[in-house]
Amino acid sequence: MEMNEIILYKLKMRMKNPFTTSFGTEQDRIFLLVEAKDANGRSGWGEGVASERPLYSEEFTQQSWYMLEQFLIPEVINRNMDHPEDLQAIFQPYKRNHMAKAALEGAVWDLYAKQNNQSLSQALGGSKNKIEVGISLGIEDSYAKLLENIQGKVNEGYKRIKIKIKPGKDIEVVREVRKHFPSIPLMVDANSAYTLRDIDVLKALDEFDLMMIEQPLAAGDLIDHAKLQKEIQTPVCLDESIHSYDDARQAIELGSCKIINLKIGRVGGLTESKRIHDLCEQAGIPLWCGGMLESGVGRAHNIAIASLANFTLPGDTASSSRYWEKDIIDPEVVAEQGILTVNDSPGIGYDVLMNEVEKHTMEKKVFTK
């Protein structure tokens, strides 16, 4: 497959509502898009999910821009490839920078699928045409606001509710939620806010019949998560600790978790996501697809990867309207009663609205052969 042009965009879009985690609050989302074009005028699209500040991981938006501009795009634009999986070998000399790699790789995968008249789901080996989705709710200042948000999402039919916790806003928050919603599928996400010194708090969560506690301890710490999982009944789900196939393999061997949240950007792209999926399927570790406050381009990639068989738990890819007044794709992503339909049109299956992209573009650079 050949590309004769790659375009890098930096966008700024305002989310409908602020989103608060243990890392802080975000409302203005600054992110990257990559467009890969061939000589026949077809475009493939990928999204860079790094945040403006290096809080979730060491990667941040401007760093991803520089990595793509100076290294990754120049490596790719003048090469002929048989398949998007060839990018892994091309990228291998460049350490980490997984979100930058995933943005470019995603555009190449989308273009490849379009060139072969396949949906991205089909190109990846997806087998499902419907996907269950949940919702992720940020930390609120009041119980009343959180309970109101949960009730609204329950009414909309989402299949799982995830609430963020942090020290001081954990046990009593979950207790209040369970008092009002005793039987909903409920999980909590700590975003690495705890240590083993907090083990009594984490043990206390066992009484609430949670689906899982996501990333309670430090990112990358597989040993302490293994110690924690032995001490608590609630399944540990790893997020920030899993950046590669080898991370997932080691976590499974150590017993660090019973569930993995896979994010395409965090692990470096769709090819590595497929490898992790196959490993977890063989090991009996269920997966779900996490969200990174994506625009519609990133959401479309999430839907495609979540169509693989071992994504058996509801993911975080909610409707576009949950986050944006107007998304940059048509049609927008819509979850109906907690179900997403996997698009079977070529590539990501959505049209990118160039007028919306240009409206939000802060910076743009074109690369040609």
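Table for the structure above
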quantity: Whole-Hz couplings from phi, Karplus 6.51/-1.76/1.60, listed for segment 47-61; x for Gly and Pro; calculated: 10, x, 9, 4, 8, 5, 10, x, 9, 5, 8, 6, 7, 9, 4
quantity: Apportionment of accessible area to carbon and sulfur, segment 190-341, percent (1.4 Å); calculated: 47 percent
quantity: Listed residues Pro54, Pro286, Pro185, most fluctuating in the chain (Gaussian network, C-alpha, under 10 Å); calculated: Pro54
quantity: Accessible area in square angstrom per residue, segment 109-173, 1.4 angstrom probe; calculated: 43 Å²
quantity: Options Ser295, Phe367, Gly126, ranked by Cα towards positive dipole end of the chain, top entry (Cβ charges); calculated: Ser295
quantity: Hydrodynamic radius (Kirkwood) for the chain, which is based on Cα pairs only, to one decimal in Å; calculated: 20.6 Å
quantity: In Hz, Karplus ³J(HN,Hα) per residue of segment 255-266 (6.51, -1.76, 1.60; θ = phi - 60°; x = Gly, Pro); calculated: x, 6, 7, 10, 9, 10, 8, 9, 10, 4, x, 5
quantity: Assigned charges on the beta-carbon of Lys, Arg, Asp, Glu; segment 220-273 dipole about Cα centre (debye); calculated: 160 debye
quantity: Under-5 Å amide H pairs with Asn343, H placed in peptide plane, nonlocal only; calculated: none
quantity: Accessible solvent surface per residue of segment 263-316, calculated while the other protein chains remain in place, 1.4 angstrom probe, Å²; calculated: 21 Å²
quantity: ³J(HN,Hα) computed for each position of segment 303-313 - Karplus, 6.51 cos²θ - 1.76 cosθ + 1.60, integer Hz, glycine/proline x; calculated: 4, 4, 5, 6, 7, 5, 4, 8, 7, 9, 10
quantity: Cross-link pairs Lys10/Lys130; Lys95/Lys153; Lys162/Lys274; Lys153/Lys364; Lys114/Lys162; Lys179/Lys227 - those with Cα-Cα distance over 28 Å; calculated: Lys10/Lys130; Lys95/Lys153; Lys153/Lys364; Lys114/Lys162; Lys179/Lys227
quantity: Accessible surface of segment 59-142, 1.4 Å probe, proportion on carbon and sulfur as whole %; calculated: 41 percent
quantity: Over the chain: helical MRE at 222 nm, DSSP H runs n ≥ 4 each giving -39500 (n - 2.57), nearest 500; calculated: -9500 deg cm²/dmol
quantity: Choice from His277, His301, His83 with maximal GNM fluctuation in the chain (Cα, 10 Å cutoff); calculated: His83
quantity: Amide H contacts of Met212 (H built 1.01 Å from N, under 5 Å, at least 5 apart or other chain); calculated: Val188
quantity: Accessible area per residue, Å², segment 1-43 with all protein chains present, probe 1.4 Å; calculated: 40 Å²
quantity: Dipole-positive endmost among Met15, Leu238, Thr312 within the chain (Cβ charges, Cα centre); calculated: Met15
quantity: Longest site-free stretch - the chain; sites: GluC sites (Glu not before Pro), DSSP loop, at most 16 other Cβ within 10 Å; calculated: 157-324
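The values are calculated or read from the model by the stated rules, or taken from the named source; none is laboratory data. Source: prediction; values computed, not measured. Methodologically, a virtual Cβ is constructed for each residue, glycine included, from the backbone with ideal geometry; neighbour enumeration extends over all protein chains shown. Heads up: the accessible areas ignore ligands, DNA and RNA and are worked out on the full protein's heavy atoms, side chains in. Shrake-Rupley method; radii C 1.70, N 1.55, O 1.52, S 1.80 Å.
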